[in-house]
Protein chains: 2
Amino acid sequence: MVSTIDPFFELMDIVILGSGNVATHLTYALKKAGYHIKQVFSRNLAHAKHLAEGIGAEPIDDLYYITTEADVYIIAVKDEAIAEVAATLRLRNKILLHTSGSIDIEVLKPYSSSCGVIYPLQTISKNIPLDFSKVPLILEFSNQETKAEIMNLAFKLSPLIHEYNSAQRKSLHLGAVIACNFSNYLYAIAHDFLTEQSVDFGLLKPLIAETANKINTHNPRDVQTGPAVRRDEIIIHKHLELLKSHPDWQQLYRLLSDGISHQQ
Amino acid sequence: MVSTIDPFFELMDIVILGSGNVATHLTYALKKAGYHIKQVFSRNLAHAKHLAEGIGAEPIDDLYYITTEADVYIIAVKDEAIAEVAATLRLRNKILLHTSGSIDIEVLKPYSSSCGVIYPLQTISKNIPLDFSKVPLILEFSNQETKAEIMNLAFKLSPLIHEYNSAQRKSLHLGAVIACNFSNYLYAIAHDFLTEQSVDFGLLKPLIAETANKINTHNPRDVQTGPAVRRDEIIIHKHLELLKSHPDWQQLYRLLSDGISHQQ
């Protein structure tokens, strides 16, 4: 009988270092793609157990016990801990990856000759299901051999593969913070303000969806609407009045409106 | 032969005052719903003609020629011109409506005993098709009789009908500016920044969509992600560095991050 199992799958054993949002979703996606997750490391053993549970991985809370028998080690911990974890691993001939938008590939190079980055460009919350096949993966590699192996792994997760250098990846991360994290904060301000005024925030949902949708087909500058782009000082003044009990929101309103008014 | 035409339709002749984004989409939606648009007014005759063309309406550019034979007069002009148009019409026993989020119903009352507001809560760009049946309509009425007639008309356009007073409608408009106009501006900044850095803005599109989508099921505060909510000063500092050639974006980044860091 001919085995239908891809030999690549059989060979690729993975260790996940981290148990946060990215580590969690990545682990599930890798498992789903057929990879064997050998170990899950977290400084908090309960977290490691929670993630390792049910996927047949060993939970560990001490880097000393990391196996040297896996093929790929994926560091998905907080940015400031990546270098330290890489240094402790000392796995020179294994594939060593991190998943951060902001950390240079260089931090891994002293610790492995086959290193790289898989940065999933998505807003990842632990408790919200994530379809990894729709997540763009931003890749970087230390060399061409490593590239082939990482590309192979990445394509099992998502067809949306893009290669960028560390500087570009950092820019992309900053772009994501501006376009997404900050937009979400504006949603939060609108939510809190409307709730104060006994108005249903839910009414804004179609509008928010349409605003986000429009940029799929238009340059955002070309579809800017609202009082600021019309330079409607009367409305702007009224809005600033309505926000007078929230000086921080008022300051933001002024700054954003000034930016919009002067951009064109 | 029994006519299948709703007698209400036969009676409701409409005059549209204005030729901007709201006037345009509302005119097409009313026409599609079976209403007869008698006239389209714009100070710019070419604009009036453009909109009146093909829907069998008379284009006019002088309020002196407004027919007194219609049933409903919808003022969809710039906020600051609404009172002036209403005053010129002097149609005391006709239904007089405006479509603004920010203007009080009171400005219409001296000119008609049957007045009201239909505020379509959507980001409306002239050249982007709009499905009015998905647009929440925020209604206000001068009295109960008028309410029945306006509700009837509004329901022909959209099932998403909400009654709010003028103060609440203004709050909703401000909420929409914050959540939508300002988010779009953040998209524009991200677009321009990434283009400068030779990175494809298109990569952010799934992320932007997911960010907007998350608030359908979550309070925005509960799904805030990014360096500011983690109080990751190292990343924040790097991002401010990357924005150093754009002091206005840098200032916005700082203010938004401070707001996010201090909200929880």
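Using only the Cα atoms of chain A, build the gyration tensor, take square roots of its eigenvalues as a ≥ b ≥ c, and label the shape rounded, prolate or oblate: rounded if a/c is under 1.5, else prolate if a/b is larger than b/c, else oblate.
prolate
Tell me the angle of helix A:233-242 to the major Cα principal axis of chain A, expressed in degrees between 0 and 90 and rounded to the nearest ten.
70 degrees
Taking amide H positions as placed in the peptide plane 1.01 Å from N, state which residues far from A:HIS36 in sequence (5 or more) or on other chains have amide H under 5 Å from it.
A:ILE14
Which ³J(HN,Hα) values in Hz, rounded to whole numbers, follow from the phi angles of the stretch A:59-72 under the Karplus curve 6.51 cos²θ - 1.76 cosθ + 1.60, where θ = phi - 60° and Gly and Pro get x?
x, 9, 10, 9, 5, 4, 8, 4, 5, 9, 8, 8, 9, 10
Calculate how steeply helix B:21-32 sits against the longest principal axis of the alpha-carbon atoms of chain B, using the helix alpha-carbon long axis, and give the answer as 0 to 90 degrees to the nearest 10.
50 degrees
Starting from the coordinates of the alpha-carbon atoms of the stretch A:10-112, obtain the Kirkwood hydrodynamic radius over all distinct pairs and give the value in Å to one decimal.
13.4 Å
Around B:ILE60, which amide H atoms from residues at least 5 apart in sequence, or from another chain, sit under 5 Å from its own amide H, with H modelled in the peptide plane?
Distant-sequence amide H within range of B:ILE60: B:VAL40, B:PHE41, B:SER42.
Could you work out the mean count of beta carbons from other protein chains within 10 Å of each residue's beta carbon in A:130-137?
2
State the extension gain, in nm to one decimal, for the chain segment bounded by B:LEU255 and B:GLU106, taking 0.36 nm per residue of separation less the distance between their alpha-carbons.
Values: separation 149, 0.36 × 149 = 53.64 nm, distance 3.73 nm.
Additional length available on full extension: 49.9 nm.
To the nearest 20 Debye, how big is the dipole of the stretch B:28-181 about its Cα centre, given +1 on the beta carbon of each Lys and Arg and -1 on that of each Asp and Glu?
With Lys and Arg at +1 and Asp and Glu at -1, about 240 debye.
Let's test this: bin the Cα-Cα distances of the stretch B:170-264 at 5 Å from zero up to the farthest pair and state each bin's percent.
That works out to 2, 11, 17, 24, 25, 14, 5, 1, 0, in percent per bin.
I'd like the antiparallel share, as a percent to the nearest 5, of DSSP beta bridges with both residues in chain B.
In chain B, DSSP labels about 20 percent of beta bridges as antiparallel.
Per Stokes-Einstein, at 4 °C and 1.567 mPa s, what whole-number D in µm² s⁻¹ belongs to the protein assembly as shown, with the Kirkwood radius over Cα pairs as the hydrodynamic radius? Display every interim value, and only then the final one.
Details: Rh = 25.8 Å.
Roughly 50 µm²/s, to the nearest whole number.
Working from Cα positions, state the angle (0 to 90°, nearest 10) between the long axis of helix A:247-262 and the longest principal axis of chain A.
90 degrees
Looking at the stretch A:1-145, how many pairs of lysines come closer than 18 Å at the Cα, when each pair is eight or more places apart or spans two chains?
Lysine pairs meeting the criterion: 11.
Using a Förster distance of 51 Å, how high is the FRET efficiency between B:ASN44 and A:ILE161, based on the Cβ-Cβ distance and rounded to 0.05? Please list the in-between numbers first.
Details: r = 51 Å, r/R0 = 0.99.
With R0 = 51 Å, the Cβ-Cβ based efficiency is 0.50.
Could you tell me the calculated FRET efficiency between A:GLN263 and B:GLU80, based on Cβ-Cβ distance and R0 = 25 angstrom, to the nearest 0.05? Don't skip to the answer; put the middle values down first.
Numbers: r = 23 Å, r/R0 = 0.91.
For R0 = 25 Å, the calculated efficiency reads 0.65.
Just to be sure I understand the curve: with the Debye formula and one point per C-alpha of the stretch B:54-165, what is log10 I(q)/I(0) at q = 0.16, 0.17, 0.20, 0.22 Å⁻¹?
Scattering profile of the stretch B:54-165, log10 relative to I(0): -0.77, -0.87, -1.18, -1.36.
Separation between the B:GLU69 and A:TYR65 pseudo-spin-labels, each 7 Å from Cα along Cα→Cβ, expressed in nm?
My value for the distance between the label points is 9.0 nm.
Loop-only chymotrypsin sites (Phe, Trp or Tyr not before Pro) in the stretch A:73-145, please: DSSP not H, G, I, E or B, and at most 16 other Cβ atoms within 10 Å.
Hits after loop and neighbour filter: nothing returned.
Under 5 Å between amide hydrogens, which residues at least 5 positions from A:ILE103 or on another chain qualify, with H placed 1.01 Å from N in the peptide plane?
none
Taking the Cα-to-Cβ direction at B:SER133 and at B:ASN152 and moving 7 Å from each Cα, how far apart do the two end points lie in nm?
Using points 7 Å along Cα→Cβ, the separation is 2.2 nm.
Could you please state, rounded to a whole Å, how far the C-alpha centre of the stretch B:106-181 is from the C-alpha centre of the stretch B:34-64?
22 Å
Values quoted throughout were computed directly from the atomic coordinates according to the rules given, and no laboratory measurement underlies them. Just so it is clear, the structure is predicted and the values come from calculations on it, not from any experiment. Reconstructed Cβ throughout: ideal geometry from the backbone, glycine too, with neighbour counts over all protein chains shown.
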